[in-house]
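The values are calculated or read from the model by the stated rules, or taken from the named source; none is laboratory data. Keep in mind that this is a model prediction, so the values were computed, not measured. Don't worry about glycine lacking a Cβ; one is built from the backbone with ideal geometry, like all the others, and counts go over all protein chains shown.
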Amino acid sequence: MKRNHLLLLFFTLSSIVLLQQKAEAQNPIITDKYTADPAAMVYNDTVYLYAGLDECPTERNFYEMHEWLVYSSTDMVNWTEHPVPLKVSDFKWAADDAWAAQVIEKGGKFYWYITTTHATIHGKAIGVAVSDSPIGPFKDALGKALITNDMTTETPISWDDIDPTVWIDDNRQAYLYWGNTKCYWAKLKDNMIELDGPIHTVDLPNYTEAPWIHKHGDNYYLSYAYQFPEKTAYAMSKSIEGPWEFKGILNELAGNCNTNHQAIIDYKGKTYFIYHNGGIQPNGQSFRRSVCIDELHYNADGTIKRIIMTSEGVQPAQ
């Protein structure tokens, strides 16, 4: 009888531990709404997470996005949502669609590069908003689009001007990367709202969209959505302007979702891979996505180990 009681106690305690682990699962990190296309920035020891709001009704299967969201955290686990800082309607020249975007700080101001649909020029376009605070409110910095579809002629599609990402190099020169089916880049002027020179392209295997630039040591990394449904792949270079050497797959297909859109940041001694999947059930899927976070690790030669996507997510950053 004692042995049976001990076994019963063991299984009961084991069940409690499993329930506790399940309750503490961190991915997706936001569960009260659908969030997509994450971008993140570290400023004054705080992480700011920017995402589009997926509003696709359950009877429809396509992107419906009208505004962008912002969250903040000091431990990568507990996130504070702030008032909506930016909507498509804040751009008078825009028609619709709050697609992928990124915020970056320069000179005490915060610049938000966004994707939307242009109201009068056919196709997608990239705009830029500005604020004195990382949580906004933001306003249109230019009064017109920064990039329009008629400026890029490498592909006949009307949605190649999407997914802007910005990197400010050590010499304070800013670079804008973007594109679907073609990866484009250009320098930005010091004011961050004008191009400074011609538009270039990068030849990458199976490039789809979602470029992101980060740096580790002396190496630059250009990660991007690869094929469709999308994995994430990456290339490396010793210069932000290339040439870029393809290194392979970084992240496999994200669960229950056709797209794979990443942000990579360093925070409190660790590197984090921020992405989305279709993990919130019963209605999560490719058009109702959710932001997740897992750690990113490097090999000794600077290449990146494949991401291990988890349900538990990350432990609190110390």
Cβ-Cβ under 6 Å pairs, at least 6 apart or on other chains, the stretch 131-158 side at positive phi, far side not acidic (Asp, Glu): Gly136/Pro85
Close pairs (7 angstrom Cβ cut-off, 6 or more residues apart or separate chains): under 14 Å from Thr80 (Cα atoms) and among the basic types (Lys, Arg) in the stretch 23-36, surrounded by fewer than 22 Cβ atoms within 10 Å (Cβ to Cβ) and modelled with pLDDT of 95 or more anywhere: Lys33/Leu53
Gly197, sole failed condition from (1) under 19 Å from the mean Cα position of the chain (by Cα); (2) under 25 Å from Val130 (Cβ atoms); (3) part of a loop (DSSP other than H, G, I, E, B): (1)
Selection within the stretch 264-286 - assigned to a strand (DSSP E or B) and basic (Lys, Arg): Lys270
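Matching residues to (1) in contact (Cβ under 8 Å) with a residue 12 or more places away in the chain; (2) in contact with a Lys or Arg (Cβ under 8 Å, 6 or more places away or on another chain); (3) within 14 Å of Ile147 (Cα to Cα):
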{"position": "Pro164", "(1), (2), (3)": "yes, no, yes"}
{"position": "Asp169", "(1), (2), (3)": "yes, no, no"}
{"position": "Gln173", "(1), (2), (3)": "yes, yes, no"}
{"position": "Tyr177", "(1), (2), (3)": "yes, no, yes"}
{"position": "Thr181", "(1), (2), (3)": "yes, no, no"}
{"position": "Met192", "(1), (2), (3)": "yes, yes, yes"}
{"position": "Gly197", "(1), (2), (3)": "no, yes, yes"}
{"position": "Leu204", "(1), (2), (3)": "yes, no, no"}
Looking only at the stretch 164-191, and only at residues there that are under 22 Å from Val42 (Cβ atoms) and among the hydroxyl-bearing types (Ser, Thr, Tyr), the one that is farthest from the chain's Cα centre (by Cα): Tyr175
Every residue from the stretch 228-239 that is under 22 Å from Glu154 (Cα atoms) and surrounded by fewer than 21 Cβ atoms within 10 Å (Cβ to Cβ): Phe228
Condition check for Tyr224: under 25 Å from Phe287 (Cα atoms), touching a Cys at 6+ places or on another chain (Cβ under 9 Å) and modelled with pLDDT of 95 or more: yes
Residue in the stretch 176-191 that is surrounded by 20 or more Cβ atoms within 10 Å (Cβ to Cβ), of a type in the set (S, T, N, Q), in contact with a strand residue (DSSP E or B) (Cβ under 6 Å, 6 or more places away or on another chain) and assigned to a loop (DSSP other than H, G, I, E, B) present: yes
Boolean, Ala225 is on the phi < 0 side of the Ramachandran plot, small (Gly, Ala, Ser) and either touching a Gly at 6+ places or on another chain (Cβ under 8 Å) or surrounded by fewer than 15 Cβ atoms within 10 Å (Cβ to Cβ) (or both): no
Residues within the stretch 277-303 that are under 18 Å from the mean Cα position of the chain (by Cα), closer than 23 Å to His216 by Cα and in contact (Cβ under 8 Å) with a residue 40 or more places away in the chain, tallied: 3
Residue match in the stretch 80-92 (condition: surrounded by 14 or more Cβ atoms within 10 Å (Cβ to Cβ), out of contact with any Cys (no Cβ under 8 Å at 6 or more places or on another chain), among the β-branched types (Val, Ile, Thr) and without any contact (Cβ under 8 Å) to a residue 60 or more places away in the chain): yes
Which listed residue is under 20 Å from Tyr43 (Cα atoms) and of a type outside the set (Lys, Arg), from Ser133, Ser158: Ser133
Odd one out for Ile249 among (1) under 17 Å from Val77 (Cα atoms); (2) surrounded by fewer than 19 Cβ atoms within 10 Å (Cβ to Cβ); (3) of a type in the set (Val, Ile, Thr): (1)
Matching residues, the stretch 232-263, being in a strand (DSSP E or B), touching a residue at least 60 places away in the same chain (Cβ under 8 Å) and either hydrophobic (A, V, I, L, M, F, W, C) or within 20 Å of Ala317 (Cα to Cα) (or both): Met236, Ala263
